[in-house]
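Enquirer: Here it is: the structure, laid out below.
A short reminder: the numbers here are calculations on the coordinates, not readings from a lab. As the structure is a computational prediction, the values presented were derived from the model and not from experiment. Note: ideal-geometry Cβ built from the backbone for every residue, glycine included; neighbour counts use all protein chains shown.
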Amino acid sequence: MPTYQFEAMDATGEEIKDVIDAATEEEAQTTIRQMGYFVTKIAVKKGAGSTASAVSGKRKRPFAIGGGGSKALTTFTRQLSILQDAGLPILRSLKILEEQSKPGKLKNSLMDVCDEIEAGSTLSEAMSKSPKMFNRLYVNMIKAGEAGGALELILQRLADFMERSQSIKRKVKGAMIYPCVIICVAVSILTFIMISIVPVFREMFTEFELVLPAVTELLIAISDNVVQYWYLIPAFPLAILLGVKLLRKFRHGRMGWDMFIIRIPVVGPLVEKNIMARTTRTLGTLVASGVPILEGLNITKETAGNGVFERMYGKVTESIREGETIAKPMKENSRLGFHPMAIVVWAAAGASPALPILFLPGMLQMGGMIGGVLALIAVMWSLMKIQTRVVDDLVVNMVDVGEETGELDTMLYKVADNYDEEVRVMTDGLMALLEPIMIVFLGGAVGFIVVSLFMPLVDMITQLSG
């Protein structure tokens with residue numbers, strides 16, 4: 001007969017830890033309730049027999065590709081919080097959710113967690129052994145909930161946090177889908193015109209021996225280059241994507257790119273505010289859940305996703321170890337600063353608009369000069385932003401007030417809510433701004449093609465009429 005180790009609360013709220021022998025977990029729970037206790041956690045006692053039986057009875061894990069995204073994890077967390085609030089034992093709740101889960105990474109991880117708990121591990125210990133599904137933020141919050149005896153409350157906070165993060169992420173991604181689709185369609189149509197339509201008109205103009213205007217000559221030159229170097233159109237964005245990924249593999253390269261990305265006009269402030277909202281909400285959730293402040297700052301640093309913010313939270317952690325508060329080092333270490341790799345990225349990004357000019361006949365020297373001037377302007381812009389801060393005075397003041405009043409988590413939530421609203425407003429404004437820009441770009445490109453082709457046609461019709 002297996003031995004169950006349980007934790008329970010008596011009628012006065014005092015915590016009870018003991019063991020009991022029973023044939024099944026349900027029978028053990030019934031016996032404990034008859035003793036007048038309320039079960040909070042129960043598991044098979046660790047031992048050679050229980051571990052061996054757990055290993056020998058380990059279920060086969062199916063092959064999994066998907067089913068482990070943040071959306072599935074958010075849904076699981078919300079369902080687990082509801083089951084815990086209803087008073088179900090943690091192992092039974094996990095088995096219910098594991099049976100309901102679709103085949104995938106989450107289902108396999110839940111099977112591993114159930115096996116670990118049956119072998120005597122706590123929930124946080126079991127989840128820590130599946131780091132690809134349950135990150136440090138998740139595991140530490142579960143651990144804090146177990147230590148404080150408020151696991152259902154922690155799960156509710158964790159579910160709320162993940163749902164808010166998912167909402168903002170969907171908002172930002174949805175805003176980027178529209179311009180990406182429009183740009184891809186526009187580039188495809190213009191490429192088709194350059195490859196299939198313009199050469200037909202060029203042959204017709206050659207047969208009639210027309211003297212072509214300068215704009216038509218330019219259009220034909222562009223068409224010839226597109227026909228000859230068409231493979232560069234898809235290769236160029238792929239090369240940029242691959243280059244950025246390789247650059248971010250190195251510490252200095254990643255810092256330079258992150259400094260560049262948060263200072264791009266229009267897009268940079270949106271990225272900066274999104275990161276600020278996510279990190280303050282993460283830290284607020286951890287503080288409210290009882291996670292130690294140093295551990296919370298380390299977890300927040302890992303979830304920042306930007307080298308500038310990671311550096312800032314790292315400096316704040318070092319200052320707190322020396323006895324300082326959060327607000328002062330946050331203000332002092334939030335300046336962008338100088339980084340040589342950021343200058344290189346700004347120069348390359350500034351010169352990139354001049355690349356198409358290099359492919360025009362006789363424009364190699366002119367294209368190089370234009371690229372150099374644009375690169376210099378971009379570098380000067382970056383140097384002007386060295387002293388700017390990624391943390392506003394509003395954030396510093398609210399954090400300072402939160403530390404003085406003991407309501408740090410509440411203030412961090414308010415900061416996150418404020419930045420979430422700003423991200424929403426900026427996203428809507430960016431969408432409203434992109435539509436007329438796309439219309440003007442497409443109208444200008446089509447107008448240039450139409451004018452370039454119809455000017456020789458008018459001359460040709462005039463000659464035929466004469």
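Enquirer: If each DSSP helix of 4+ residues adds -39,500 (n - 2.57) and the sum is divided by the residues in the chain, what number results at 222 nm, nearest 500 deg cm²/dmol?
Expert: So the calculated ellipticity at 222 nm is -24000 deg cm²/dmol.
Enquirer: More than 16 angstrom separation, counting every C-alpha pair in segment 317-421; what % is that?
Expert: Roughly 70 percent, rounded to a whole number.
Enquirer: Right, next: What longest range of the chain stays clear of loop-exposed chymotrypsin sites (Phe, Trp or Tyr not before Pro) (DSSP non-H/G/I/E/B, at most 14 other C-beta within 10 angstrom)?
Expert: 64-207
Enquirer: Please state the equivalent ellipsoid semi-axes for the chain: what are the square roots of 5 times the Cα gyration tensor eigenvalues, largest first, in whole Å?
Expert: Taking √(5λ) for each eigenvalue gives 60, 28, 18 Å, largest first.
Enquirer: Which angle between 0 and 90 degrees, to the nearest 10, do you get for helix 232-247 versus the longest principal axis of the chain when only C-alpha atoms count?
Expert: Long axis of 232-247 versus the principal axis of the chain: about 40 degrees.
Enquirer: Using Cα centres only, tell me the gap between segment 101-134 and segment 323-366 in whole Å.
Expert: So the separation of the two Cα centres works out to 43 Å.
Enquirer: Quick check on segment 78-222: take the gyration tensor over C-alpha atoms, sort the square-rooted eigenvalues as a ≥ b ≥ c, and tell me if it's rounded (a/c under 1.5), prolate or oblate. Mind dumping the intermediate values first?
Expert: Details: a/c = 5.19, a/b = 3.98, b/c = 1.30.
Prolate is the answer for segment 78-222, as a/c is 1.5 or above and a/b outweighs b/c.
Enquirer: Given 20 °C and 1.002 mPa s, compute D for segment 1-45 with the Stokes-Einstein relation, Rh being the Kirkwood radius over Cα pairs; round to the nearest whole µm²/s. The partial results should precede the final answer.
Expert: Numbers: Rh = 10.2 Å.
Approximately 210 µm²/s, per Stokes-Einstein.
Enquirer: With charges only on Cβ, +1 for K and R and -1 for D and E, what is the dipole size of the chain about its Cα centre, in debye, rounded to 20?
Expert: In debye, rounded to 20, the chain gives about 1020.
Enquirer: Hey, another quick one. With a Cα-only, solvent-free Debye model of segment 202-285, what are the log10 I(q)/I(0) values at q = 0.24 Å⁻¹?
Expert: Here log10 of I(q) over I(0) equals -1.12.
Enquirer: What angle do you read, to the nearest 10 degrees and between 0 and 90, between the alpha-carbon axis of helix 408-465 and the longest principal axis of the chain?
Expert: 20 degrees
Enquirer: Next question, about the same structure. By the scheme Lys and Arg +1, Asp and Glu -1, what is the net charge of all other residues having a beta-carbon under 13 Å from that of TRP346?
Expert: With Lys, Arg at +1 and Asp, Glu at -1, the net is +1.
Enquirer: Then there is this: Helix 70-85 versus the longest principal axis of the chain: what angle, 0 to 90°, nearest 10, using Cα atoms?
Expert: Roughly 20 degrees, rounded to the nearest 10.
Enquirer: Can I ask one more? Among all stretches of the chain without exposed GluC sites (Glu not before Pro) (DSSP loop, at most 16 other Cβ atoms within 10 Å), which one is longest?
Expert: The segment 15-208 is the longest one with no such site.
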